[in-house]
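So the structure is just underneath, and the comments pick up after that.
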Amino acid sequence: MDASKNAPRFEVFYDGSFGSQLLFAVRCKALSVNRRTWRCNEGNTRLCLQCNRGVEETVDHLVLKCSKYEQERESLMDVVHEQCGENKWNARCVKEDSGMRYLVGLDEECNMTVVDAMKDFLVYAWNKRQGY
């Protein structure tokens, strides 16, 4: 058995910042979006209350689709396109994970600049979601 397969890799993007905490929650599928917390949230709904499109508020929706975070997403996508190219990004989005693995650093082609931009996006979007 190859011991290197079982060894955890060192993750340099966990620096104790709020962005790192949000990134960790996204990677663990534990971010408190309505799809996950609907039983105990005020509105008792799985739907996104930010864009009111009648769709479930999932992490993918928050990061890739919700119109409330369009400006923040544009900044993130500028970095993504700069780092991996628009064509390569579009090819990733066709995959089942919609490119999320790349954005959160779980892809084998992990890019620290993209992960840092994702952390910034999460902080801005989360603060906007909370009304700050």
Review point. Hey, what did the chain get for relative contact order, percent, Cα under 8 Å, at least 6 apart?
Key: 24 percent
Exercise for review: On the full set of protein chains, 1.4 Å probe, figure out the accessible area of residue 65 and give it in Å² to the nearest 10.
Suggested key: 120 Å²
Practice item. With unit charges on the beta carbon (Lys/Arg positive, Asp/Glu negative), name the residue among 16, 47, 123 whose Cα is farthest towards the positive pole of the charge dipole of the chain. Key: 47
Point to revise | Of all accessible heavy-atom area on the chain, the percent that carbon and sulfur account for (1.4 Å) | key: 48 percent
**Study point:** Per residue accessible area of the chain, 1.4 Å probe, in Å²
**Key:** 62 Å²
Review point. What does the accessible area of residue 112 come to, in Å² to the nearest 10, when a probe of 1.4 Å is used?
Key: 70 Å²
Check your understanding: Excluding residue 129 itself, what net charge comes from residues whose Cβ is under 12 Å from its Cβ, given Lys and Arg +1 and Asp and Glu -1?
Key -> 0
Check your understanding: Can you list the lysines whose alpha carbon sits under 16 Å from that of residue 128, skipping same-chain ones fewer than 8 residues off?
Key -> 65, 68, 119
Practice item. Report, to the nearest 10°, how far helix 18-27 tilts away from the longest principal axis of the Cα atoms in the chain, using its own Cα long axis and a range of 0 to 90°. Key: 80 degrees
Point to revise | Accessible area, probe 1.4 Å, largest first, for residues 14, 124 | key: 124, 14
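The values are calculated or read from the model by the stated rules, or taken from the named source; none is laboratory data. Small disclaimer: the values here were computed from a predicted structure and weren't measured. Note: ideal-geometry Cβ built from the backbone for every residue, glycine included; neighbour counts use all protein chains shown. Remember, those area values only see protein heavy atoms, side chains included, never the ligands or the DNA or RNA. Shrake-Rupley method; radii C 1.70, N 1.55, O 1.52, S 1.80 Å.
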